[in-house]
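Participant: I have a structure I would like to understand better, so I am pasting it below and will then ask my questions one at a time.
The values are calculated or read from the model by the stated rules, or taken from the named source; none is laboratory data. Because the structure is a prediction, the values reported are computed rather than measured. Heads up, the Cβs are rebuilt from the backbone with ideal geometry, glycines too, and the neighbour counts pull from every protein chain shown.
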Amino acid sequence: MKKFANLVLSAVVVATLSAGVSTNSWADADDEIVVGFAAATSGWMMPFSWPPAIAAKLKIEELNAAGGLLGKQIRIVEADAKSDRAEGAKAGMSVIGEGADIVIVDCDFDMGAPAALMAQNAGLISFSLCAGDPKMGIEGVGDYAFSAGNAAQVDGAAAATWAYEKRGARKAYVLLDDTIEYDKSTCVGWNWAWDQLDGATTVGRDVFQNGDPNIAPQIDRLKSVSEKPDVIAICSYPPGGASAVRQLRAAGIDTLILTGVAFDGTYWHDAVPNLSNFCVATYGAVSADIQPEVAKFVQDYTEKAGSPPPSAFPLPGYSLIQLWARAVERAGTVETKAVVEELEKMDGEDSIIGPRRFTNKLHIADEARYAMMCAENGGLSFQEYWSAGPIPKDVLMKNK
C-alpha cells in the first residue's frame, strides 16, 4: 500500500506539472452536464476498461434521448489513460480541464487511482468502471471515489462457496498472481470464505506473476502436494493468468479451476484450446437470454459497438450511469457532496447487475449476485446465479 501510494504520488506530480490545470471544483453548467472518461483506450487495460466504457456511453445516450438529466443534455469528454499510471493522472486532469462534473476511471484500482486522485483533489466524484479492490473508494482515494464493480473479496467468496456447495470441492490449492491489488483481494476473499466451510481444507498455496512466461516450478510444487486438490483457485487475469491455465492443462492437471470476474469472456480462450472444468464468478450472463433487461442490453450494445459484449464487463459500466444519474436526479444537482450523500443512501438499489449498496463507510459492493459461468470444451455456459457477502470491512481491507 505504501509503495503504491508513492507511485500514485509520483504520477500526480507528473500529471499536474504536465497539464498545468487548476484543481478547482466546477460549478453546474447552465445548459449541459459533462461526463469525463479518463480510462484506457489503448494498452493492456483496454480489454477491461473499454467495454464498460461503451456501456456507460450507451446509458448516457439513452438518458439524452429521454430528455437528459435535470433537463440538460449530457456531453462526453475523453482522454486515453494509456494503461499507465502517470498517463492516467494526466487523463484525469485533461477531462477536468474540459469541465467534467464526474470522472470515470479505469476498471482497476492500481491503474484507475491516479485519475481518481485528480478528481478527488478537484472536489469531483470519480467512479471506476469496475475496480474490484476496495481501496478504490474512501480508504485508498478519498470520500468522493466509488467503484461500480464488486469488491474482489466477494468474487473470491462466491467462487469458494459455489465450488464447495455445487461441485463438492473440499481440498483447495490457491494460486495467487500478486501483480495487482485485485488479485490479492480475490484470494483474500476465497481464503476467508473457504476457512469457514465445514470440512474444507487448503492443501497448498503458491505465487506467480502475470508477466512470468513459465510457471513450471509452481506446477511441480502443485503436483508434489501430499493430498491432491479437487479445486484450484486462481487469483489472476489474462494474459498471464490465461498462460498459467494453459500450462496447468498442458501439464496434465485437469482439476476444477475457479476464479473471479477478471477471467470472464471467451476472448482469451484460444490460449487454452478446448478449455474445460473451468468456472468463473462474473457480473451477469451476457451470452444467455436469462434476464430480459440483460438481453435487451446485449442487443443495444451490439448495435452500438458493432459486435456482442466480449464478456460481462460492460454491465457495471451501464450500472454506473444508472446509479449516478438517479443520485443526481434525487439531489437535484451535480454538486459533488449532494450527489455523494444520495449515493450513500442506496441500499438494495436496483441495477442491471442486481441490488447495489453504498454507505458512508464503503463505496464498493461488499455483497453481490454472480452469474456462474463454466467452460466445457471451449465457450462458456450459464450455470446459475449465486450470491455472496456481505464481507466484513476488516477482511475487505486485507491484501494478504
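Participant: Show the residue pairs that are 6+ apart or on different chains and have beta-carbon atoms under 8 Å apart, the first residue being within region 70-86 and within 20 Å of residue 328 (Cβ to Cβ), the second being modelled with pLDDT under 95.
Facilitator: Matching pairs, first to second residue: 72/29; 72/31; 73/31.
Participant: Among the residues that make up region 254-265, is at least one of them surrounded by fewer than 20 Cβ atoms within 10 Å (Cβ to Cβ) and free of Cβ contacts under 8 Å to residues at least 24 places away in the same chain?
Facilitator: Yes, region 254-265 has at least one match.
Participant: Just need a number here: residues in region 177-205 that are in contact (Cβ under 8 Å) with a residue 24 or more places away in the chain and not in a helix (DSSP H, G or I). Steps first, please.
Facilitator: Of region 177-205, the ones in contact (Cβ under 8 Å) with a residue 24 or more places away in the chain are 177-194, 197, 199-205.
Then keep just the ones that are not in a helix (DSSP H, G or I); that gives 177-180, 197, 199-205.
Adding up the residues that qualify gives 12.
Participant: Being assigned to a strand (DSSP E or B) and either at pLDDT below 95 or surrounded by fewer than 22 Cβ atoms within 10 Å (Cβ to Cβ) (or both) is the filter here; which residues of region 158-176 pass it? Steps first, answer last, please.
Facilitator: Within region 158-176, the subset assigned to a strand (DSSP E or B) is 171-176.
171, the sole residue that qualifies.
Participant: Tell me, please, whether a residue that is closer than 23 Å to residue 398 by Cα, in contact with a Cys (Cβ under 7 Å, 6 or more places away or on another chain) and not assigned by TED's automatic domain parsing to the domain that holds residue 232 can be found in region 81-102.
Facilitator: Residues of region 81-102 that are closer than 23 Å to residue 398 by Cα, as a first pass: 85.
The next check asks that each one be in contact with a Cys (Cβ under 7 Å, 6 or more places away or on another chain); those that pass are none.
Checking region 81-102: not a single residue is closer than 23 Å to residue 398 by Cα, in contact with a Cys (Cβ under 7 Å, 6 or more places away or on another chain) and not assigned by TED's automatic domain parsing to the domain that holds residue 232.
Participant: Another one. Name the strands (runs of 3 or more DSSP E) wholly within region 10-106 that hold at least 1 residues that are modelled with pLDDT of 95 or more and among the polar types (S, T, N, Q)? Walk me through it before giving the result.
Facilitator: Numbers: elements: 32-38, 73-78, 102-105.
The strands (runs of 3 or more DSSP E) meeting that bar are 73-78.
Participant: Against the condition more than 13 Å from the chain's Cα centre (by Cα) and either assigned to a helix (DSSP H, G or I) or at pLDDT below 95 (or both), how does residue 123 come out, does it pass? Explain how you work it out, then say what you get.
Facilitator: On the way: more than 13 Å from the chain's Cα centre (by Cα): yes; either assigned to a helix (DSSP H, G or I) or at pLDDT below 95 (or both): no.
When the stated conditions are applied, residue 123 does not pass them.
Participant: Take the residues of region 225-247 that are among the polar types (S, T, N, Q) and closer than 20 Å to residue 108 by Cβ: which is nearest to the chain's Cα centre (by Cα)? Write out each step before concluding.
Facilitator: Here is the first cut: in region 225-247, the ones among the polar types (S, T, N, Q) are 226, 236, 243, 247.
In the following step, the residues that additionally are closer than 20 Å to residue 108 by Cβ were identified as 236, 243.
On the way: 236: 13, 243: 21 Å.
Checking each candidate, the answer is 236.
Participant: Further, regarding this structure: Quick one: residue 265 ticks every box in (1) at pLDDT below 95; (2) closer than 22 Å to residue 45 by Cα; (3) in contact with a Lys or Arg (Cβ under 9 Å, 6 or more places away or on another chain) bar one, so which box is it?
Facilitator: (3)
Participant: Please go through region 180-214 and give me each residue that is closer than 26 Å to residue 366 by Cβ and of a type in the set (Phe, Trp, Tyr), ordered by number.
Facilitator: 182, 190, 192, 194
Participant: For region 206-238, give me each residue that is loosely packed, with under 14 Cβ neighbours inside 10 Å and either farther than 25 Å from residue 192 by Cβ or free of Cβ contacts under 8 Å to residues at least 12 places away in the same chain (or both).
Facilitator: 211, 213, 214, 216, 217, 220, 223, 224
Participant: Additional query: What is the residue count in region 384-400 for residues that are surrounded by fewer than 16 Cβ atoms within 10 Å (Cβ to Cβ) and closer than 27 Å to residue 267 by Cβ?
Facilitator: Of the residues in region 384-400, 3 are surrounded by fewer than 16 Cβ atoms within 10 Å (Cβ to Cβ) and closer than 27 Å to residue 267 by Cβ.
Participant: Right, another one. Answer yes or no as to whether residue 39 is touching a Pro at 6+ places or on another chain (Cβ under 9 Å), surrounded by 24 or more Cβ atoms within 10 Å (Cβ to Cβ), in the same structural domain as residue 136 (by TED's automatic domain parsing) and farther than 20 Å from residue 119 by Cβ. Spell out how you get there, then give the answer.
Facilitator: Working: touching a Pro at 6+ places or on another chain (Cβ under 9 Å): yes; surrounded by 24 or more Cβ atoms within 10 Å (Cβ to Cβ): yes; in the same structural domain as residue 136 (by TED's automatic domain parsing): yes; farther than 20 Å from residue 119 by Cβ: no.
For residue 39, the condition - touching a Pro at 6+ places or on another chain (Cβ under 9 Å), surrounded by 24 or more Cβ atoms within 10 Å (Cβ to Cβ), in the same structural domain as residue 136 (by TED's automatic domain parsing) and farther than 20 Å from residue 119 by Cβ - is not met.
Here is a yes/no grid of residues against (1) touching a residue at least 40 places away in the same chain (Cβ under 8 Å); (2) β-branched (Val, Ile, Thr):
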position	(1), (2)
298	no, yes
302	no, yes
306	no, no
316	yes, no
320	yes, no
332	yes, no
337	no, no
342	no, no
352	yes, yes
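Participant: Next question, about the same structure. Quickly run through region 191-218 and pick out the residues that are more than 18 Å from residue 259 (Cα to Cα), touching a strand residue (DSSP E or B) at 6+ places or on another chain (Cβ under 9 Å) and among the acidic types (Asp, Glu).
Facilitator: Of everything in region 191-218, just one residue is more than 18 Å from residue 259 (Cα to Cα), touching a strand residue (DSSP E or B) at 6+ places or on another chain (Cβ under 9 Å) and among the acidic types (Asp, Glu), namely 212.
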